[in-house]
Amino acid sequence: MSRRFRLCVLALGLLAFAALFTAACAELPPFGGDRHPYGDRAVHAALLRHTANTVSAVNFDQRALDTLGEESILFASVLGTVVLLRQTSDEHRTVPKPSPVPDRTRRYGLLALPVTLLIGLYVVAHGQLSPGGGFQGGVVVATAVHLLYIAVDYRALERVRPLGPYEIADAAGEAAYVLTGAGGLLAGAAYLANVLPYGTFNTLSSGGTVPLLNAAVGVEVAAAVVVLLARFLGQALEIEGDEDRGEGKG
Amino acid sequence: MDRLLPLIVVVPLLGAALLAGAGRRMPRPVAETTGCLCAAASAGLAVAALAGGPHVVWSGDWRPVDGHGVGIVLTGDRTGTGLAALTSLLVVTVLAYAWRYFDEPPRGHAGAFPALILLFQAGMCGFALTGDLFNAFVFFELMGVVGYALTGYRVEEARPVQGALAFGFVNSLGGYATLLGIALLYARTGELGMAQAGRELDAAGRHDALVLASFVLILTGLLVKAAAVPFHFWLPDAHAVAPTPVCMLLSGVMVEMGVYGAARVYVTVFAGPGGVPAEDFRRALTVLGLLTALTGAALCWQQRHLKRLLAFSTVAHTGLFLAGLAALEPEGVTGVFLYVLGHAGAKAALFACTGALLDRYGGVDEHRLHGRAREMRGVGALYAAGGLALAGLPPFGTALGKALAEEQAGWLTALYVVVSAVTGGAVLRAAARVFLGAGPREEDDCGAPETTGDQEEPETDRRVRRLPSLMATVAALLLAGSLAVGLVPALARAAAGAAHAFTDHAGYAATVLDGTHAAPGAGHPYAWWSLTGVGLGLLSALLATGLAALGVRGAVPARRWAAPLRRLHSGHVGDYVAWTAAGIGLLSALVLWPGG
């Protein structure tokens, strides 16, 4: 297909889509209205279960099955990355050379690392109470670990990041979520039912299974992001092809 | 059983976590056995669920009050559980086929391949069972992510990565469209559950641009998965490069999931008075099905790369499925259900045979392999039987399904006969050349835009001297399954019951929200072989054989007239994206067509 023809096809498609979407948006409920059917029901349901953060109540209780799917998508992405970025027989590993880091960067990194780690853990732990939770906090924790790469060098990162345990933690987070859900079945209720005592509203132990599922996701996300970045960093810094494999493609 | 329904999805997820976590310590046979066992357990659950039902399970016990709720429902009706059972059984055979298959499992990750296959199974089963639009989207994405990784599995070469990339781009684009559509639908209805959204639409009773746009956008993603023209470009590229066991799953069930999703969403959400009129849906699916079937058949005949040939035959058959579902009459839908079952067995068996060729001769090019596989008589016989099954030779399940669909299809009957004959004929032609050495050896004409199949690398560790009997056994079992679909009346009866429930908009909502259960499958008259059906099946099988005989001698001119069509399949991701955008336009035009 020539460039011109391709652009024509694309333009036609986009024009049709724009017309359809504009017409649809004209029919949307007006902005700023007070009709929020799902929101109202979700807040009501969250309060029934003593979960202060409604978003977490939706994620880990009311629609916990969606979160199982989403967590599995991340899990599958990590596994897929491990498979796709593996070292093949015509590639070898090199040890990347350390390069000097400016003192200011080093000081900033070493100072920010413990703070970031603490914030990450806090965000995970308070998922049922305040904005945040396993997904967000997990990413912050993983970021903290990678400050070592910026502040010191790749070898320092590798030392605190033995991949084996992180891969196991990734799988354990996934398994913990699945098994906590099965706890509902064992208790005679539905899968992913919130069968634990709901606790006192607005305390760390409130929300029943919400903090547990939240923590499982936190572990999975933190480990997954570390493994994911490790695979990409490894591919970029360590693995080299024995010959250039970029032959023309069919 | 009701409460255990989610385990069909959950057991493979747990198995995948186990394989990924303990994979470092696990020897390869243990990992592969674990994978098989988890898939089999899930298959057992799905079959048990299929026997009872319909099951309606609210995840976390969040039941709706007065028809409104916050929870997610899994609806294990006959169609959903049936599809989950088909998927799981196929996954088990695929894992058996892939036993010690790859030469280089990722270092320290012996369980990675079976784990990915289990995640794929979980995604597909979840998609088949869910009764919630957003949850369906989540499982749709899970299927996608795993699909891209599995397609690009053989990273030693450049082309698998390219194929996986095209697959990823086009499917992600479709996913975004679906998500946008779900958001628009929520704006109107305030619901994410299919049954709830359907009732809200009916109560609002406004058939306007918002409803139309959300329908078109949701359908776009599902049709990308179903590889309907012009959303199909990713499929041949992905199938040509994916490892053979993965092709068996992609062609056998994943593509059919897209077809199922499109019909399910229409029936449950949009088929009421507040949705999209039935004739608009019928027109859109008939035209897209026609285009898809003809494009697939024409290109299938052109291929010499055996996996691409089978890929285009999948495109062609998807077109037939779409056209068969367009009217949503229970009899026609019964036919499509049986057709899908029969097709899954036949197509997976054909891929299994092709994998055997690839691993023995290091290529899947019809011309290069000319006469070289004379010694593999058994595989040759299976391959030819698979070709005849695709063509619709009675008593294969494909033929029964096709016959039942044809009875409702009117003038489209000709399409069914021609398309199945051409795709079956292409397979038979390849079989005659490769396994019998029939016809003259073709000289390579350089310069033509052509995908030959001789750059493929064998996927097993060394070229297989004696074919592992497991591979041939799996292929034979799959064909036997396809045959059983046409021979076991209980399956046709169950399919008829499933189809009646599947096409019932109000009945679905009542089952999910009011807990009224129609007696499952009882009392529905069901159709079986008829004289016309057998006659048409024999006709298309005869046509296929004739086409193959002519094709072997080079008497069917093909190259020239199809060149523009072939050039469209350029492998350029930008082209595919452009066509996907254009497809949204085409779909809107078809639904909006005046006079409907």
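The values are calculated or read from the model by the stated rules, or taken from the named source; none is laboratory data. Please read these numbers as outputs of a predicted model, since none were measured by experiment. All Cβ positions, even for glycine, are placed from backbone atoms using ideal geometry, and neighbour counts span all protein chains on display.
Below, the figures for the structure above:
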{"item": "Pairs, first on the phi > 0 side of the Ramachandran plot in the range A:186-201, second among the polar types (S, T, N, Q), C-beta under 6 Å, six or more apart", "result": "A:Leu192/B:Ser59; A:Gly199/A:Ser205; A:Gly199/A:Ser206"}
{"item": "Criterion violated by B:Ala51 - all others in (1) under 25 Å from the mean Cα position of the chain (by Cα); (2) under 30 Å from B:Ala110 (Cβ atoms) satisfied", "result": "(2)"}
{"item": "Only one of B:Gly82, B:Gly53, B:Gly71 that is small (Gly, Ala, Ser), buried (at least 21 other Cβ atoms within 10 Å of the Cβ), away from chain A (no Cβ under 14 Å) and touching a strand residue (DSSP E or B) at 6+ places or on another chain (Cβ under 8 Å)", "result": "B:Gly53"}
{"item": "Which numbered condition B:Tyr153 misses (of (1) assigned to a helix (DSSP H, G or I); (2) more than 22 Å from B:Gly126 (Cβ to Cβ); (3) of a type in the set (Ser, Thr, Tyr))", "result": "(1)"}
{"item": "Cβ-Cβ under 9 Å pairs, at least 6 apart or on other chains, the range B:22-48 side under 20 Å from B:Leu5 (Cα atoms), far side assigned to a helix (DSSP H, G or I) and acidic (Asp, Glu)", "result": "none"}
{"item": "So B:Gly342, is it under 14 Å from the mean Cα position of the chain (by Cα) and either outside any helix (DSSP H, G or I) or closer than 21 Å to B:Met254 by Cα (or both)", "result": "yes"}
{"item": "The range A:66-94, residues that are more than 7 Å from chain B (Cβ to nearest Cβ), part of a loop (DSSP other than H, G, I, E, B) and among the hydroxyl-bearing types (Ser, Thr, Tyr)", "result": "A:Thr94"}
{"item": "The one condition in (1) facing chain B (nearest Cβ under 8 Å); (2) at pLDDT below 95; (3) touching a Gly at 6+ places or on another chain (Cβ under 7 Å) that A:Gly164 fails to fulfil", "result": "(3)"}
{"item": "Residue within the range B:2-18 that is out of contact with any helix residue (DSSP H, G or I) (no Cβ under 8 Å at 6 or more places or on another chain) and touching a residue at least 24 places away in the same chain (Cβ under 8 Å) present", "result": "yes"}
{"item": "So A:Val55, is it under 27 Å from B:Leu13 (Cα atoms), more than 9 Å from chain B (Cβ to nearest Cβ) and either out of contact with any strand residue (DSSP E or B) (no Cβ under 6 Å at 6 or more places or on another chain) or surrounded by 14 or more Cβ atoms within 10 Å (Cβ to Cβ) (or both)", "result": "yes"}
{"item": "Sole exception among (1) buried (at least 21 other Cβ atoms within 10 Å of the Cβ); (2) without any contact (Cβ under 8 Å) to a residue 24 or more places away in the chain; (3) charged (D, E, K, R) for B:Glu375, by number", "result": "(1)"}
{"item": "Residues satisfying the stated conditions in the range B:49-90, i.e. more than 27 Å from A:Arg63 (Cβ to Cβ) and at pLDDT below 95", "result": "B:Ala51"}
{"item": "Checking A:Arg63 against (1) within 9 Å of another protein chain (Cβ to nearest Cβ); (2) over 25 Å from the mean Cα position of the chain (by Cα); (3) farther than 30 Å from B:Leu165 by Cα, the condition it does not meet", "result": "(2)"}
{"item": "Counted residues, the range B:119-130 - those being in a helix (DSSP H, G or I) and at the interface with chain A (Cβ under 10 Å from one of its Cβ atoms)", "result": "6"}
{"item": "Scope the range B:549-585; condition more than 8 Å from every other protein chain (Cβ to nearest Cβ), within 19 Å of B:Thr295 (Cα to Cα) and modelled with pLDDT of 90 or more; matching residues", "result": "B:Gly551, B:Tyr576"}
{"item": "Unmet requirement for A:Val145, which otherwise passes all of (1) touching a Leu at 6+ places or on another chain (Cβ under 6 Å); (2) hydrophobic (A, V, I, L, M, F, W, C); (3) closer than 15 Å to A:Ala222 by Cβ", "result": "(1)"}
{"item": "Any hit, the range A:242-250, residues being of a type in the set (Lys, Arg), touching a Gly at 6+ places or on another chain (Cβ under 9 Å) and facing another protein chain (nearest Cβ under 10 Å)", "result": "yes"}
{"item": "Top-ranked residue in the range B:184-208 [being surrounded by fewer than 19 Cβ atoms within 10 Å (Cβ to Cβ) and without any contact (Cβ under 8 Å) to a residue 12 or more places away in the chain; ranked as farthest from B:Pro106 (Cα to Cα)]", "result": "B:Asp208"}
{"item": "Residues of the range A:23-48 satisfying the condition of being within 7 Å of another protein chain (Cβ to nearest Cβ) and either in contact with a Gly (Cβ under 8 Å, 6 or more places away or on another chain) or in a loop (DSSP other than H, G, I, E, B) (or both)", "result": "A:Glu27, A:Leu28, A:Pro29, A:Pro37, A:Tyr38, A:Arg41"}
{"item": "Checking B:Ser42 against (1) among the hydroxyl-bearing types (Ser, Thr, Tyr); (2) more than 18 Å from B:Ala136 (Cβ to Cβ); (3) within 12 Å of chain A (Cβ to nearest Cβ), the condition it does not meet", "result": "(3)"}
{"item": "Which numbered condition B:Gly60 fails, given (1) buried (at least 23 other Cβ atoms within 10 Å of the Cβ); (2) on the phi < 0 side of the Ramachandran plot; (3) in a helix (DSSP H, G or I)", "result": "(2)"}
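Each row is one residue, and each column tells you yes or no for (1) more than 20 Å from the chain's Cα centre (by Cα); (2) within 10 Å of another protein chain (Cβ to nearest Cβ).
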| site | (1), (2) |
| --- | --- |
| B:Asp132 | yes, yes |
| B:Leu142 | no, yes |
| B:Gln162 | yes, yes |
| B:Phe169 | no, no |
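Condition check ((1) in the same structural domain as B:Ala578 (by TED's automatic domain parsing); (2) modelled with pLDDT of 95 or more; (3) over 19 Å from A:Ser72 (Cα atoms)) across all residues:
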position	(1), (2), (3)
B:Gly144	no, yes, no
B:Val161	yes, no, yes
B:Gly168	yes, yes, no
B:Asn171	yes, yes, no
B:Gly174	yes, yes, yes
B:Thr178	yes, yes, yes
B:Ile182	yes, yes, yes
B:Leu185	yes, yes, yes
B:Arg188	yes, no, yes
